[in-house]
Structure formats: C-alpha cells, structure tokens
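Since the structure comes first, as structure tokens, the remarks are kept for the end.
Values quoted throughout were computed directly from the atomic coordinates according to the rules given, and no laboratory measurement underlies them. Owing to the predicted nature of the structure, the values given are computational and were not obtained by experimental measurement. Here the Cβ is made from the backbone with ideal geometry for all residues, glycine too, and neighbour counts use every protein chain on show.
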Amino acid sequence: MGKNTLIKRMQRFPSIIDLQKRAKKRIPHVAWEYLDCGTGNERAVSRNLEKMAEVTLVPKLLKGDLNPDITTTLFGQSYEAPFGVAPVGLSGLMWPRSECILAETAAKYKIPYSLSTVATQTPETIGPIAGDMGWFQLYPPREVDIRGDLLKRAHDAGFRVLVVTADVPTPSRRERALRAGLVVPLRITPGFVYEALIHPVWTYHTLKCGLPRLRTMEKYAGSKKMRDIANFVGRKIGGTLSWDYLKDLREAWQGPLVLKGVHHPDDAEQAIQIGVDGIQVSNHGARQFDGTPAAIELLPAVVRQVNGRIPILFDSGVRSGLDILRALALGADFVLLGRPFIFGVAALGKYGGDHTVEILTTELKNAMIQLGCGTLEEIKA
Ligand SMILES: Cc1cc2nc3c(=O)[nH]c(=O)nc-3n(C[C@H](O)[C@H](O)[C@H](O)COP(=O)(O)O)c2cc1C
C-alpha cells in the first residue's frame, strides 16, 4: 500500500476515538450494542476510562534525541510492541472475518493475537495465519475430554500461550445488548432487515461469509445450528473454574499459561503457587461485574504482590498509546486491548487491524518521548 494512502488514513483517523465513531456508523445497532456494552448501569465502563485518564506521569526532560525502542520479550517470545489483541468472542458479528484480519495484523506487526473459545473462527483456521503470534483463550469446559481436545487443537494449530479466563463465574446480564435484541441465533426481524439495509457494506460482507457461527464449538455440540451451540455453551462451558481445575490445567498445558481476569492480590498469589506463567489484571472491559473498581486501580496492588516473580499483563479501558504507557508505568509488563481492535476492523475492514496498531505505536512512542523514556525499562523506573 502506498505511503500516501497510509498518511491520508492517519489524517482521517488519527485516534481510536475516530475509529470508534466510524465503527458505530458502519455496523448494525445490535452488533454495536454487543461490542460497546458493559453490564448493569455500566458505571464500571466509565470508571475504567475515567480512572485511566486520571493517571498522570511526570516527565524528565533534556534527554536529547530519543528514538524509543518498544520491542519486548514475553514468555521467551520477542514482540515488536508491548501490546496485543485481547480475546473477543463473536467478533465475526461486528465484522465478518475479524479474527482472520486481526491474526494477519498480529503476524505482520509481530504482536500477539488472542483467539477466543467462542470466536467465529476455529484455531485450525487462525493458527496458521497468526503464526507464532497466536494465543488461545480458554473458557473452561466442564468435561475433561472436551477440555483435552480443545487444548490439543489449539496446540496442534500452533498456539503456544494459553489464556484461561477467571472472571466469568457466570454469564453477565448485559442489559444493553438484551434491549438491542441480541439473541442467538440472530432473529431476522423487520427491524434487523432495516438495519441490514442501512449498513450495506457490513451486509455485503456478512452475506459473502454467512451469518456468524461459533465454529470451534460445533464439533462438541454435534450441530452447526447456532441455537444448539448456544445451548451447549451455556450448559457445558464456563462456571467451572476453581483452584483445583487450574491445577489440572497447569498439568495439561505444557506451554505458558496466563490467568486472565485477576482482580485481587490474593488470587494472584494463589495462581503463582499453582505455577501460572502470567497474571492478566483485567475486569473484562467492565462487562461482567458493575461493582468492580477500574482495572487500572487494581493493578498496583497486584504488582506489589507479584513483586516481579512472573510477568503481569493488563487490559480493560486502554484506548491509546498513552494509556499503554500508563499501565506500563504502574507496573504492567504487557498490555492487551479488546474493543479498540474491533473498532478498527469495523471502521476500516481489512485495513482496520493494521491501522489500529499504527495509531497505538505512534502514540506510544510519542508519549514515551514526552515522558523522557527511550526504553520500556525506563518507564518503570
Ligand atoms: C465484545 C467482547 C467480547 C469479549 N469476549 C471475550 C471472550 O470471549 N473471552 C475473554 O476472555 N474475554 C472476552 N472479552 C474481554 C476482552 O478480552 C478484554 O478483557 C476487554 O475487552 C478489555 O477491555 P477493553 O475492551 O476496554 O480493551 C470480550 C470483550 C468484548 C468487548
């Protein structure tokens, strides 16, 4: 792609907020509400963003010509940036082939892409695209055989990091998505037909790819019908995670294991005792529990507890390179983003993943120079 096209795109969409605004216009209401919503009164959604914005950092200046190095190593793998794509279930609803687009971006920019258990593409499809950048996110299946099979599929497809999600002890209500009429399978009502007509690009791509399916789960549900699969997921996946289950998982998965959705330092400690390789401080983008503190408020206590023994990953409420810098300054080793990457793809289709990385990289490097840091280590100092 020409340099001019890239420059023009950056001029039109210089920040994640620009992608968010365009994404909202380009996708049907029900898809937007599913992506954007939190739960309950959605106070935790605003808390995530507001508390993040309140983190201030004092620059140290007169450092001469800084050219920030943002490459990093995590679990023995080098990455070109200290951020990556968090798992987003049903991302094909927001934009068809989102998972493929984002896995391509991850491979190109050498950042991790996390594939959700309830993605619309399988590990077999995404693994080869992501190459060694693929992480697999597990919602714990109740049946040991299904768990074993899922882990084997992820491993055989090339996923080396397993992320197990702790903060979905039960599905959350997500009233805004319910109000918007989100049901599985999607109901083709007159309202939905109208939405499809006024979002012709989304509709064109959706017709080309077919309505979103939870493809990874089809094998276990023994059906391709969304209704059967949704019932199966409700009955057989999630709600199972306990410390004993985590111990079993630790034995079953030989590679790096990350516990995602850690809030409390005590849980971080117990996870370390069990032998996880990374702790991901996250409140699931405030989609599970409206009573949670902002994720960024949870970070310092976990950092103190972990005290450098294993890497700390962070997500929830990150909307810019500056926010990445804030999380790193508070002690995170790596940062993941959920909604922003989907905003990018919904806004710009196949260019959206790349453009999101371009924005975040440019912003992060700029913010590092403003703060007076040439390396990631200096941010923590
Ligand atoms: C639409 C949507 C679907 C998600 N699906 C999953 C999922 O399948 N598994 C998971 O562990 N987290 C899931 N998450 C949570 C994200 O991985 C991540 O924790 C969250 O989006 C971070 O907050 P942010 O959106 O403010 O970046 C989802 C988030 C969104 C917005």
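The table for this structure:
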{"item": "Within the stretch 214-244, considering residues that are in contact with a strand residue (DSSP E or B) (Cβ under 9 Å, 6 or more places away or on another chain) and either of a type outside the set (Val, Ile, Thr) or exposed (fewer than 14 other Cβ atoms within 10 Å of the Cβ) (or both), the one nearest to Val276 (Cα to Cα)", "result": "Leu241"}
{"item": "Number of the exception - Met10 against (1) in contact with a Ser or Thr (Cβ under 8 Å, 6 or more places away or on another chain); (2) assigned to a helix (DSSP H, G or I); (3) farther than 22 Å from Ile369 by Cβ; (4) more than 11 Å from the ligand (Cβ to nearest atom)", "result": "(3)"}
{"item": "Leading residue by the ranking (surrounded by the most Cβ atoms within 10 Å (Cβ to Cβ)) among those in the stretch 345-370 that are within 12 Å of the ligand (Cβ to nearest atom) and of a type outside the set (Val, Ile, Thr)", "result": "Leu360"}
{"item": "Identity of the residue in the stretch 249-278, of a type in the set (Asp, Glu) and assigned to a helix (DSSP H, G or I), that ends up surrounded by the fewest Cβ atoms within 10 Å (Cβ to Cβ)", "result": "Glu251"}
{"item": "Close pairs (7 angstrom Cβ cut-off, 6 or more residues apart or separate chains): in contact (Cβ under 8 Å) with a residue 60 or more places away in the chain in the stretch 73-91, surrounded by fewer than 24 Cβ atoms within 10 Å (Cβ to Cβ) and among the acidic types (Asp, Glu) anywhere", "result": "Leu74/Asp333; Phe75/Asp277; Gln77/Asp132"}
{"item": "Residue list for the stretch 92-126, filter: surrounded by 24 or more Cβ atoms within 10 Å (Cβ to Cβ), without any contact (Cβ under 8 Å) to a residue 60 or more places away in the chain and in a helix (DSSP H, G or I)", "result": "Glu99, Ala103, Ile126"}
{"item": "Yes/no for Leu298 being outside any loop (DSSP other than H, G, I, E, B) and within 15 Å of the ligand (Cβ to nearest atom)", "result": "yes"}
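Table: residues versus (1) closer than 22 Å to His264 by Cβ; (2) of a type in the set (Lys, Arg); (3) more than 16 Å from the ligand (Cβ to nearest atom).
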residue	(1), (2), (3)
Ser282	yes, no, no
Gly291	yes, no, yes
Val303	yes, no, yes
Gly317	yes, no, no
Arg326	yes, yes, no
Arg339	no, yes, no
